[in-house]
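Below: one structure, written as structure tokens.
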Amino acid sequence: AVPDLVRALRDDQVDVRIVAAAALWRLPDAAAVPALLDLLNDTDPTARQWGALALGVTGDTRATEALLGLLNDTAEAVRLDALRSLGRIADPAALTGLRDFIVDTTRLEEERLEAINALASLRGPDKMNALIRLLDDPNANIRLHIVNALGQVGDALVIPTLRRRRAAETVAGVRTAIDEAITAIEERARERAQEATAPAATN
């Protein structure tokens, strides 16, 4: 039962705390959120990691600020799972923190790529402008990942920016990805237009 698991999150034995967090990852419950937030301050990195994962599956925006705080954790695994959980929760309030993380070139590339995934998953339209502003990153892999994200979540409004980026882009693989992203966005726009004009189904 969830109350028992919540109690176990505060057990003296770290293994008990980890098992309880892993169980709550499989059985997400909003009632466990306060105790899981406490677990993010655990001295054991594996406990913090499972706390972050379990909070992600709750989808509870109460976790957003604490998960952003974990982006400075000493353990890489904790930082990566905090990023993944921010993407799952998709709270637009995480936008600035994620953007700042992505532009920080001292961060590990793998973590910056995961942060782009999280940013692209956020609810609302503001993520579009944030992704567009990142297209000039000096790292070609980062640019490629941003282009791919825009191909998945972008709308027709981002196409002129992508075309400008293509004209300036020096890496062939990124130029190809831009072409593919534009095609994907245009196809989505056509499908939406067809759906909007399709006659209503009659019974």
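Tell me the label-point distance for the pair ASN129, ALA77, using the 7 Å Cα-to-Cβ offset, in nm and rounded to one decimal.
According to this spin-label approximation, the distance is 4.0 nm.
Need the full-extension length gain, ASP44 to VAL16, defined as separation in residues times 0.36 nm minus the C-alpha distance. One decimal, nm.
Full extension from ASP44 to VAL16 adds 8.9 nm.
Spelling out what I want: for every residue of region 87-96, take phi, set θ = phi - 60°, compute 6.51 cos²θ - 1.76 cosθ + 1.60 (Karplus), and round to whole Hz; glycine and proline get x.
Ordered by residue, 3J(HN,Hα) equals x, 5, 6, 6, 6, x, 5, 7, 4, 4 Hz.
P(r) of region 1-117 in 5 Å steps, Cα pairs, percent per bin?
Histogramming region 1-117 at 5 Å steps yields 2, 14, 26, 23, 18, 10, 6, 2, 0 percent.
If you add up the charges near ASP136, with Lys and Arg at +1 and Asp and Glu at -1, over every other residue whose beta carbon is less than 12 angstrom from its beta carbon, what do you get? Let's see the in-between values first.
Numbers: positive: ARG133, ARG143, ARG164, ARG165; negative: ASP137, GLU169.
Taking every other residue near ASP136 into account, the sum is +2.
For region 1-117, with only Lys/Arg (+1) and Asp/Glu (-1) charged at the beta-carbon, what is the dipole magnitude about the Cα centre, in debye rounded to 20?
Approximately 260 debye in magnitude.
Residues of region 120-153 with amide nitrogen under 14 Å from the 7 Å Cα-to-Cβ point of GLU191?
Only 151-153 fall inside the zone, counting backbone N under 14 Å.
So what J values fall out for region 165-180 if you push phi through Karplus, 6.51 cos²θ - 1.76 cosθ + 1.60 with θ = phi - 60°, rounded to Hz, Gly and Pro as x?
So the Karplus estimates, Gly and Pro as x, are 5, 5, 5, 8, 6, 9, 9, 4, x, 6, 4, 4, 4, 5, 4, 5 Hz.
Ordered by residue, what ³J(HN,Hα) values in Hz, to whole numbers, does region 55-66 give under the Karplus form 6.51 cos²θ - 1.76 cosθ + 1.60, where θ = phi - 60° and Gly and Pro are x?
Residue by residue, region 55-66 yields 5, x, 6, 6, x, 8, 5, 4, 8, 3, 5, 5 Hz.
Read-outs throughout are calculated quantities, based only on the coordinates presented, and are distinct from any laboratory measurement. Everything quoted here is computed from the prediction, not taken from an experiment. Glycine gets a Cβ as well: all are built from the backbone with ideal geometry, and neighbour counts include every protein chain shown.
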